[in-house]
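The values are calculated or read from the model by the stated rules, or taken from the named source; none is laboratory data. Quick caveat, the model's predicted, so the values are computed rather than measured. Here Cβ is always computed from backbone atoms with ideal geometry, including for glycine, and neighbour counts include all displayed protein chains. Just the protein is used for accessible areas: all its heavy atoms, side chains included, with ligands, DNA and RNA removed. Shrake-Rupley method; radii C 1.70, N 1.55, O 1.52, S 1.80 Å.
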Amino acid sequence: RSGAPAALTACPVCRRCGLAAGRSYSGGGAYPSVSLTCPLPGVPKAVFAAAESRERFETRVTVLENGLRVASQNKFGQFCTVGVLVNSGSRHEAKYLSGISHFLEKLAFSSTAQFGSKDEILLTLEKHGGICDCQASRDTIMYAVSADARGLDTVVSLLADVTLQPRLSDEEIEMTRMAIRFELEDLNMRPDPEPLLTEMIHAAAFRDNTVGLNRFCPVENTDKIDRAVLHSYLSSYYTPDRMVLAGVGIEHEHLVECARKYLLGVEPVWGSGQGRAVDSSVAQYTGGIIKVEKDMSDVSLGPTPIPELTHIMIGLESCSFLEDDFIPFAVLNMMMGGGGSFSAGGPGKGMFTRLYLNVLNRHHWMYNATSYHHSYEDTGLLCIHASADPKQVREMVEIITREFILMAGAVGEVELERAKTQLKSMLMMNLESRPVIFEDVGRQVLATNTRKLPHELCDLISQVKPSDIKRVVTKMLHKKPAVAALGDLTDLPTYEHIQAALSSKDGRLPRLYRLFR
């Protein structure tokens, strides 16, 4: 045909040359008649991209001669996140002054044997576009660096220095004392009481043991903690067998090579002598109540002040993240959901969770109803936080106890599927982020020496049935409750009444009969 290349005028295989008949270019030439179902003459066979083998994306773990575990996860990109996780935290401070982990978190990335100051460390990282951070929780201390993957050698050298060779100078310790005092002051003045309530509910649930020990340094201990106290603690808990070097976005062999170079056979600054015996106590759930009477009328003044609220948190023991019931508890927590009384809504915001549908949508005076699930290697805690006007505290507590009892009732197929889908969606979205993958790899390897991949967790979530939810809730409701209360507590029911409500069939508080109102 005129205007069409000779090679494309007809298909020698199937002769479908009438496909473009009657159609032409704006210049007058006809479209070439080519069948898209047949190979083009004279064109090389197409090679299509195939999914790479899954092995490339599995977490690889190597144990060095000194017991240090090196774990890595490959991820496409120019940057990597590398860090050291230590099996140490406030739960291990029973034999020491409370607040050591809080001090170590604040002292992280200060001067070391190799670097004269924090500024030197930051300038070194800056050359590789890097940032650093340290977070201490109840059971783990995590030192992390995100930087260009080409600077891996420098990053691992720096991490080894920060964890094993800190100078802990008198000046740095004094600055840390000031920072901690300020943080404690700020904690009591913040309008959001959630961090304070979380501390209180743990202290009530696990009174004076393991995860119930204070995560923040008490004010009276700030002057007692010095270099000698810190070295004593570090010699017991900062040992290679209690550490994991985790990396995301780097080759495993390169990370192992750097670990051998900088973390094998290194003498820590506190010496290699044996410290005190490691505290391996198992968490003992006690239940109980912790109340803090506090004037909350002026926490947030200004043009739109937050009204005076009383905050209640009620919790029950769940299970450890190593148990099979951990997944049903995670689904249950997602099913309860909740949040503040104001939300922008939208898909995936949890507006169809029970605490929205049954609590916030029905009781306009409730400012907050949120479910939380805290899980550790030997225990767990499922709790609901609620806030309302001090005059409606009794009614608020009854609404929450009723929700706990209703957990053991019928679970709709639609709400269960929604909770499972939302949990899987949240898991996969969080694991898009490199620092989150790093923390997941590090924490799982620290606890289990291996890592469950996201698709395995999604399979486990999919298998959760209504009977699993009912089973874990029934078991949970047999435990004594833990209660934390903050604010004006004049109308707060007694602990015995809350316990009775959680043992009843309908979750109602015992009736109060008064001669005079």
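Every test in (1) without any contact (Cβ under 8 Å) to a residue 60 or more places away in the chain; (2) surrounded by 22 or more Cβ atoms within 10 Å (Cβ to Cβ); (3) more than 26 Å from GLY412 (Cβ to Cβ) is passed by HIS311 save one, and that test is (1). Evaluate segment 279-289: report whether one residue or more is surrounded by fewer than 20 Cβ atoms within 10 Å (Cβ to Cβ), touching a helix residue (DSSP H, G or I) at 6+ places or on another chain (Cβ under 8 Å) and modelled with pLDDT under 95. Within segment 279-289, one or more residues are surrounded by fewer than 20 Cβ atoms within 10 Å (Cβ to Cβ), touching a helix residue (DSSP H, G or I) at 6+ places or on another chain (Cβ under 8 Å) and modelled with pLDDT under 95. Look at (1) modelled with pLDDT of 95 or more; (2) over 18 Å from ILE314 (Cβ atoms); (3) open to solvent by 70 Å² or more (accessible area, probe 1.4 Å) and you find that SER462 fails only one, number (3). With the condition kept exactly as written, say whether any residue in segment 410-425 is more than 18 Å from the chain's Cα centre (by Cα) and on the phi > 0 side of the Ramachandran plot. No: zero hits. None of LEU416, LEU427, LEU382 is assigned to a helix (DSSP H, G or I), modelled with pLDDT of 95 or more and within 30 Å of ASN87 (Cβ to Cβ) except LEU427. Summed over segment 67-118, residues that are in a loop (DSSP other than H, G, I, E, B), open to solvent by 10 Å² or more (accessible area, probe 1.4 Å) and among the aromatic types (Phe, Trp, Tyr) total 3. Against the test of being outside the structural domain of LEU446 (by the TED database) and within 28 Å of LEU431 (Cβ to Cβ), the options ASP170, ASP153, ASP119, ASP161 yield a single qualifying residue, ASP153.
Restricting attention to segment 168-184 and to residues that are in a helix (DSSP H, G or I) and touching a residue at least 40 places away in the same chain (Cβ under 8 Å), the residue that is most open to solvent (accessible area, probe 1.4 Å) turns out to be ASP170.
Considering each of LEU187, LEU152 in turn, give the residue that is part of a helix (DSSP H, G or I), loosely packed, with under 15 Cβ neighbours inside 10 Å and either within 23 Å of the chain's Cα centre (by Cα) or of a type in the set (A, V, I, L, M) (or both).
LEU187
Of the numbered criteria (1) within 30 Å of ALA485 (Cα to Cα); (2) surrounded by 21 or more Cβ atoms within 10 Å (Cβ to Cβ), the one GLU199 fails is (2). Scoring ALA419 on the criteria (1) open to solvent by 20 Å² or more (accessible area, probe 1.4 Å); (2) closer than 15 Å to ALA330 by Cα leaves a single failure, condition (1). For GLY442, state whether it is of a type in the set (Gly, Ala, Ser), modelled with pLDDT of 95 or more, under 26 Å from GLY288 (Cβ atoms) and crowded, with 21+ Cβ neighbours inside 10 Å. Taking the combined requirement at face value, the residue does not satisfy it. Scanning segment 147-163 for residues that are small (Gly, Ala, Ser) and in contact (Cβ under 8 Å) with a residue 60 or more places away in the chain turns up ALA147, ALA149, SER157, ALA160.
Taking (1) more than 30 Å from VAL393 (Cα to Cα); (2) open to solvent by 40 Å² or more (accessible area, probe 1.4 Å); (3) at pLDDT below 95 in turn, LEU301 satisfies each apart from (1).
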